[in-house]
Amino acid sequence: MTTRRNGTLITHLERMLTYHGWAYRRLLAAVEPLGEDAWKAPCGLFFGSLHGTLNHLAVADRIWLARVCGEPAPFARLDAEAAASRTELADYLAEGVQAWLQFLDQHDDVSLAAHLDYRNMRGEPFRKPLADIVLHLVNHGTHHRGQMSAALTAMGQPAPVLDYLYFLPDDL
């Protein structure tokens with residue numbers, strides 16, 4: 001876990017992004033025993049299946065990264081498929097978290113408080129503090145990972161423990 005500036009906003013955001021990656025890894029481990037049919041079967045989630053929901057998170061993470069970097073959106077739809085296989089998706093998610101941490105390395109508390117002007121997928125303009133966008137990214141992931149945990153439980157599968165406090169080391 002990164003601790004280069006204890007007690008600062010950037011330290012908190014680094015911790016949250018590291019948690020984001022930890023939660024992805026735990027969720028991917030929980031879906032590993034599922035057969036391909038169960039992995040891709042509709043299960044009442046907004047993005048259909050476990051596969052569709054995790055792909056949505058991968059896509060959204062990269063769309064937001066492109067926005068904060070001033071780059072064109074890498075996907076035109078929130079239900080796009082970032083990766084077809086679980087292995088490719090795991091790699092894509094891990095690379096995305098690393099890219100976010102590298103992005104954060106270019107900032108400090110002052111620049112993270114600055115507002116970012118951006119457009120959503122419908123082209124509507126918005127203006128939000130950069131730090132709040134990073135927090136939104138992690139919160140959005142928590143929302144959908146919670147849905148996936150409920151779907152796993154409904155399938156009779158164990159859901160992973162994804163609580164933030166379980167991620168934190170005891171000596172923090």
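So Arg62 ticks every box in (1) surrounded by 19 or more Cβ atoms within 10 Å (Cβ to Cβ); (2) assigned to a loop (DSSP other than H, G, I, E, B); (3) among the basic types (Lys, Arg) but one. Which box is left unticked?
Failing condition for Arg62: (2).
For the stretch 30-39, check the following and say yes or no: at least one residue is surrounded by fewer than 20 Cβ atoms within 10 Å (Cβ to Cβ), of a type in the set (Asp, Glu), in a helix (DSSP H, G or I) and without any contact (Cβ under 8 Å) to a residue 60 or more places away in the chain.
Taking every residue of the stretch 30-39 in turn, at least one turns out to be surrounded by fewer than 20 Cβ atoms within 10 Å (Cβ to Cβ), of a type in the set (Asp, Glu), in a helix (DSSP H, G or I) and without any contact (Cβ under 8 Å) to a residue 60 or more places away in the chain.
Determine whether Ala73 is modelled with pLDDT of 95 or more, over 30 Å from Ala38 (Cα atoms), under 15 Å from the mean Cα position of the chain (by Cα) and surrounded by fewer than 19 Cβ atoms within 10 Å (Cβ to Cβ). Outline the logic, then answer.
On the way: modelled with pLDDT of 95 or more: yes; over 30 Å from Ala38 (Cα atoms): yes; under 15 Å from the mean Cα position of the chain (by Cα): no; surrounded by fewer than 19 Cβ atoms within 10 Å (Cβ to Cβ): yes.
Criteria not met by Ala73.
Across the stretch 152-172, which residue is nearest to the chain's Cα centre (by Cα) among those that are touching a residue at least 12 places away in the same chain (Cβ under 8 Å) and assigned to a helix (DSSP H, G or I)?
Restricting to residues being touching a residue at least 12 places away in the same chain (Cβ under 8 Å) and assigned to a helix (DSSP H, G or I), the top hit is Tyr164.
Just to be sure, is Gly96 at pLDDT 95 or above, in contact with a Lys or Arg (Cβ under 7 Å, 6 or more places away or on another chain) and either part of a helix (DSSP H, G or I) or among the hydrophobic types (A, V, I, L, M, F, W, C) (or both)?
yes
Quickly run through the stretch 129-172 and pick out the residues that are hydrophobic (A, V, I, L, M, F, W, C), under 16 Å from Ala29 (Cβ atoms) and surrounded by fewer than 17 Cβ atoms within 10 Å (Cβ to Cβ).
Those that are hydrophobic (A, V, I, L, M, F, W, C), under 16 Å from Ala29 (Cβ atoms) and surrounded by fewer than 17 Cβ atoms within 10 Å (Cβ to Cβ): Met155, Val161.
What are the residue pairs meeting all of these: first residue in the stretch 121-133, first residue assigned to a strand (DSSP E or B), second residue hydroxyl-bearing (Ser, Thr, Tyr), Cβ atoms under 7 Å, and 6 or more apart or on different chains?
Phe126/Tyr118
Is there a residue in the stretch 32-40 that is over 15 Å from Leu152 (Cα atoms) and either among the aromatic types (Phe, Trp, Tyr) or in contact with a helix residue (DSSP H, G or I) (Cβ under 6 Å, 6 or more places away or on another chain) (or both)?
From the stretch 32-40, those over 15 Å from Leu152 (Cα atoms) are none; that's our starting set.
The answer is no; no qualifying residue exists.
Any chance you could count how many residues in the stretch 60-108 are under 21 Å from Leu135 (Cβ atoms), of a type in the set (A, V, I, L, M) and either touching a strand residue (DSSP E or B) at 6+ places or on another chain (Cβ under 8 Å) or without any contact (Cβ under 8 Å) to a residue 24 or more places away in the chain (or both)?
Adding up the residues that qualify gives 2.
Of these, Leu112, Leu104, which one is in a helix (DSSP H, G or I), in contact with a Pro (Cβ under 9 Å, 6 or more places away or on another chain) and surrounded by 13 or more Cβ atoms within 10 Å (Cβ to Cβ)?
Values: Leu104 fails: in contact with a Pro (Cβ under 9 Å, 6 or more places away or on another chain).
None of the other options fit; the residue is Leu112.
Collect the residues in the stretch 132-172 that are in contact with a helix residue (DSSP H, G or I) (Cβ under 7 Å, 6 or more places away or on another chain), small (Gly, Ala, Ser) and closer than 29 Å to Ile10 by Cβ, keeping them in residue-number order.
Answer for the stretch 132-172, where residues must be in contact with a helix residue (DSSP H, G or I) (Cβ under 7 Å, 6 or more places away or on another chain), small (Gly, Ala, Ser) and closer than 29 Å to Ile10 by Cβ: just Gly141.
The values are calculated or read from the model by the stated rules, or taken from the named source; none is laboratory data. As the structure is a prediction and not an experimental result, all values here were calculated from the model. Here the Cβ is made from the backbone with ideal geometry for all residues, glycine too, and neighbour counts use every protein chain on show.
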